[in-house]
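Q: The structure that follows is given in the form of structure tokens.
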Amino acid sequence: MSTTNAVDEVRLEWSPHPGQQDILSDDSRFKIVACGRRWGKTECAAKWLVGQALAPEADLVWWVGPGYEVVDPGYYAVLDTLPDRLIADTKESKPYHIDLVYGARIAFRTTKSDSNVGVGLDALVIDEAAQVSKQRWTRDLRPTLSDTLGKMMAISTPRGRNWFHDYFQRGQSPDHDDVASWTAPTYDNPHIPDSEVDAARDEVPERVFQQEYLAEFIDDAGGVFERVRDRIVEDYHLDETEGSGPYATGVDFARHQDYTVIHTLDSKGITVYHERLRNVSWPQIQRRVETAAGTYPGTVAVDASRDNKIVGDLAEAGVNVRPVKFTAPRKRQLVENLVTQIEQEAVTIPDLPVLVTELQLFEYDVTKAGNVRYHAPEGHHDDCVDAFALAADARHRTPQDTNRSFARSF
């Protein structure tokens, strides 16, 4: 069988939807695919990359992503695309590769490794390209295509104004005839019922839905809390504010190099207490929590993910403690509740630089399974955010005074 017939065989075993067909039919050297979750980007890229690997004289093609949680689905999508008769060998441990009977290799790499330097590629798929840094693209990946005049397909949901956005814009301009770009919402996949996408809208913040399902480029995308200073930061000092009960306190305990943070809101959502501790013993932390609970009586929601003794000690000391285990679904619920309270301006904080910075930097990503994960960027902390979210959740679960007037005691 010739390579041409092999390509035809692969194509005959798959029926692309119209949007995928438009991409596969285009001959541009650089293809930028900015489409919503479950639109079919991975499947489309797998078919395209196999076609490139089966081209005459093809030697090496790569599938690259920011981590193996992204690369793994690409590997299995390519395997599903290839008939067994076209596979000569596979390496199923990381880093994966698939050798074809015609001599080409399809390899799978992450941008966390420097092993993508100094090779020549006939074709390249960059998965979740908007999460790949501009430096990785310009310094490491783009040069792999220079000697071979190789082709590239970058697939991703949008994520702010970065190199992926820049190339998307090039694809929309007649000045860059070697680049083509496409965008489409998840709704455009005829195999996904609209009701499924509608359900996602009800489960995630609006900006997440706009980016991940409607495939819209949003400024500062990846951020979770918008316009923090405009919405909830007020000019006051904690030591001049008593507030009114019942109070709600959130406590996030230190892990490794992190901080223990205690954050208290009054019945109107006004922050009345905030403390950040590091390198202190558990008895000292317990005393600080007891002091906060005694001064501001009410529910104390604590991170109980790893140590039930903490809950027991506080309860024995008379603290009205509510343990919260930080599972992924529970953290998502906590964060999205805080997003809602910030958007509704139902909470207030003083100008605490560390807290404000953590809120502004806090970000999310979406797994291949469509699950939203919230976290601080690498090298940063989210202890203040977690404590704030715990307090906001505890307050949300307690009947509150709906009067939002700013009551202070000076």
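Q: Alpha carbons only, please: Rg and Dmax for the chain, in angstrom.
A: Spelled out, the Cα radius of gyration and Dmax of the chain are 25.7, 86 Å.
Q: What is the calculated FRET efficiency for ASP59 to GLU206, with r their C-beta to C-beta distance and R₀ = 51 Å, to the nearest 0.05?
A: That pair, ASP59 with GLU206, gives E of 0.65.
Q: Are there trypsin sites (Lys or Arg not before Pro) in the range 229-266 that DSSP marks as loop and that have at most 15 other Cβ atoms within 10 Å, and which are they?
A: Qualifying residues, ordered by number: ARG255.
Q: Taking every pair of distinct Cα atoms and averaging 1/r, then inverting, what Kirkwood hydrodynamic radius in Å comes out for the range 3-212?
A: 17.5 Å is the Kirkwood radius here.
Q: Here's something else I'd like to know. For the chain, what proportion of DSSP beta bridges, expressed in % and rounded to the nearest 5, is antiparallel? Display every interim value, and only then the final one.
A: Numbers: 23 of 61 bridges.
Among the beta bridges of the chain, antiparallel pairing accounts for roughly 40 percent.
Q: Relative contact order, percent, of the chain when contacts are C-alpha pairs under 8 Å separated by at least 6 residues?
A: 16
Q: Along the positive direction of the dipole of the chain (beta-carbon charges: Lys, Arg +1; Asp, Glu -1; about the Cα centre), which of PRO377, VAL224, PRO66 reaches farthest?
A: The residue sitting farthest along the positive end of the dipole is PRO377.
Q: Right, something else. Could you work out the relative contact order of the range 3-212? I mean the mean sequence separation of Cα pairs under 8 Å and 6+ apart, divided by the number of residues, in percent. Could you put the intermediate results ahead of the total?
A: Numbers: 371 pairs, mean separation 59.0, N = 210.
Normalised by residue count, the contact order of the range 3-212 is 28 percent.
Q: Is it possible to state the helix-based mean residue ellipticity at 222 nm for the chain, with each DSSP H run of 4+ residues giving -39500 (n - 2.57), the sum divided by total residues, to the nearest 500 deg cm²/dmol? What is it?
A: -10000 deg cm²/dmol
Here, each number is a calculation from the coordinates, and none is a lab measurement. Note that the coordinates shown come from a computational prediction; the quantities given were computed from them, not determined experimentally. Using ideal geometry, Cβ is built from the backbone for each residue, glycine included, and neighbour counts are taken over all protein chains shown.
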